[in-house]
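In what follows, a structure is listed as structure tokens, so that the remarks can point back to it.
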Amino acid sequence: MRTHAATVGGALHEAGLPVYSADIVQPPLAAKIADLPAPLISIDRASGVRLTADGQTRTVRTQLTSPLAILGSLGLNVGPQDEIWADGARVDVTQPAGLLPPAQIELRRARAVAVMDAGAAAQIVTAARTVGEALWRAGYRLYLGDDVEPRLDAPLAPLMTITIHRSRPVLVQADGGTLPTRTHRGTVGEVLSDVGLALVGQDYSIPAADQPVPEAENAPIRVVRVREEILTEQLPIPYDTLFQALPDVEIDNLTQAQAGVNGLKQRLVRVRYEDGAEVSRVVHDSAARHEGS
């Protein structure tokens with residue numbers, strides 16, 4: 001470029017090149033152009049970093065590449081249990097920094113929360129963002145049947161109390177198989193609903209659906225499938241023989257006036273099956289037809 005400016009800063013302003021406080025300009029902005037040993041001006045631009053810390057987000061410009069050093073240059077102290085995240089990954093401060101600074105830095109402050117696990121109290125200090133992440137990092141093993149308050153995806157807050165209502169193991173026997181599960185429900189019917197086993201028609205459970213869940217560990221809950229069918233039975237009725245004197249037949253002689261026919265007795269039988277095995281038969285009604293001679 002050609003310029004009438006007297007200083008380096010004036011020349012850059014005339015050229016429309018903004019200079020930020022973190023940029024490095026050689027020669028300095030106040031240097032007179034007439035005194036320059038060579039007609040060359042260099043600008044080492046600072047990088048813009050989006051920083052989130054202590055509830056605030058801002059953009060800073062820096063020549064530093066280490067996230068820890070960048071935070072320190074802004075007066076942000078990092079505690080031993082605080083975490084630094086850069087571009088979505090946790091920073092290991094013991095490793096050397098890269099050649100370029102990250103585009104985003106997040107400082108996650110550690111906080112103390114209380115955990116009530118089945119009545120046992122404990123305190124953990126964590127930089128996790130959610131309830132579920134805090135429990136996982138602290139080594140708490142959760143089951144699908146456990147109930148956690150607040151919810152696992154709830155944001156973690158200082159001095160929060162996390163309560164875990166533990167489920168207990170039960171075995172559900174149904175349709176020829178055994179399903180191990182865990183529950184904190186109160187009744188057998190609620191457990192069956194949770195595992196998707198419906199009692200249809202005359203099906204029943206042992207214990208009954210409105211009874212409490214057995215207290216013993218791995219106590220079984222049995223689902224009994226009930227099926228009924230109506231059968232039609234026909235039973236023969238032997239005919240009777242009737243002797244009758246006839247005027248045209250000599251004494252001590254026999255002749256057949258009409259052939260006998262066995263009768264039929266028809267009845268309806270209700271058959272009950274439980275888990276495929278017959279357990280009872282009940283006769284409901286019957287009708288008979290009888291002919292003879």
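The values are calculated or read from the model by the stated rules, or taken from the named source; none is laboratory data. Keep in mind it's a predicted model, so treat the numbers as computed, not measured. Positions of Cβ are backbone-derived with ideal geometry, glycine not excepted, and every protein chain shown enters the neighbour counts. Quick note on the areas: whole protein, heavy atoms, side chains included, nothing else; ligands and nucleic acids left out. Shrake-Rupley method; radii C 1.70, N 1.55, O 1.52, S 1.80 Å.
Here are the numbers for the structure shown:
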{"quantity": "Residue match in segment 70-82 (condition: open to solvent by less than 90 Å² (accessible area, probe 1.4 Å), in a loop (DSSP other than H, G, I, E, B) and acidic (D, E))", "calculated": "yes"}
{"quantity": "Answer from L254, L231 - the residue that is out of contact with any Ser or Thr (no Cβ under 9 Å at 6 or more places or on another chain), part of a strand (DSSP E or B), over 30 Å from S167 (Cα atoms) and of a type in the set (A, V, I, L, M, F, W, C)", "calculated": "L231"}
{"quantity": "Complete set of residues in segment 28-60 that are open to solvent by 30 Å² or more (accessible area, probe 1.4 Å), in contact (Cβ under 8 Å) with a residue 12 or more places away in the chain and either closer than 30 Å to R129 by Cβ or not hydrophobic (A, V, I, L, M, F, W, C) (or both)", "calculated": "P28, K32, S42, D44, R45, S47, G48, R50, T52, D54"}
{"quantity": "Hits in segment 83-111 - residues which are open to solvent by 30 Å² or more (accessible area, probe 1.4 Å), farther than 21 Å from A46 by Cα and not hydrophobic (A, V, I, L, M, F, W, C)", "calculated": "G88, R90, D92, T94, Q95, R109, R111"}
{"quantity": "Residue list for segment 1-19, filter: over 19 Å from D35 (Cα atoms) and either of a type in the set (F, W, Y) or in contact (Cβ under 8 Å) with a residue 24 or more places away in the chain (or both)", "calculated": "L17, V19"}
{"quantity": "Count of residues meeting criterion [in a loop (DSSP other than H, G, I, E, B), surrounded by 13 or more Cβ atoms within 10 Å (Cβ to Cβ), within 21 Å of the chain's Cα centre (by Cα) and small (G, A, S)] in segment 112-150", "calculated": "3"}
{"quantity": "Number of the exception - S193 against (1) under 24 Å from V148 (Cβ atoms); (2) surrounded by 17 or more Cβ atoms within 10 Å (Cβ to Cβ); (3) small (G, A, S)", "calculated": "(2)"}
{"quantity": "Answer from V19, V49, V25 - the residue that is in a strand (DSSP E or B) and over 16 Å from W85 (Cα atoms)", "calculated": "V25"}
{"quantity": "Single residue of A138, A134, A157 found to be over 25 Å from P214 (Cβ atoms) and in contact (Cβ under 8 Å) with a residue 40 or more places away in the chain", "calculated": "A157"}
{"quantity": "Answer from Q95, Q81, Q104, Q123 - the residue that is within 19 Å of A154 (Cβ to Cβ), polar (S, T, N, Q) and out of contact with any Ser or Thr (no Cβ under 7 Å at 6 or more places or on another chain)", "calculated": "Q123"}
{"quantity": "Of all residues in segment 200-228 being in contact with a Gly (Cβ under 8 Å, 6 or more places away or on another chain), part of a loop (DSSP other than H, G, I, E, B) and free of Cβ contacts under 8 Å to residues at least 40 places away in the same chain, the one that is least open to solvent (accessible area, probe 1.4 Å)", "calculated": "A209"}
{"quantity": "Filter pass, R267 being assigned to a strand (DSSP E or B), in contact with a strand residue (DSSP E or B) (Cβ under 7 Å, 6 or more places away or on another chain) and open to solvent by 100 Å² or more (accessible area, probe 1.4 Å)", "calculated": "no"}
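Every residue, every condition in (1) modelled with pLDDT of 95 or more; (2) of a type in the set (S, T, N, Q), yes or no:
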{"position": "A114", "(1), (2)": "yes, no"}
{"position": "R168", "(1), (2)": "no, no"}
{"position": "G186", "(1), (2)": "no, no"}
{"position": "S193", "(1), (2)": "no, yes"}
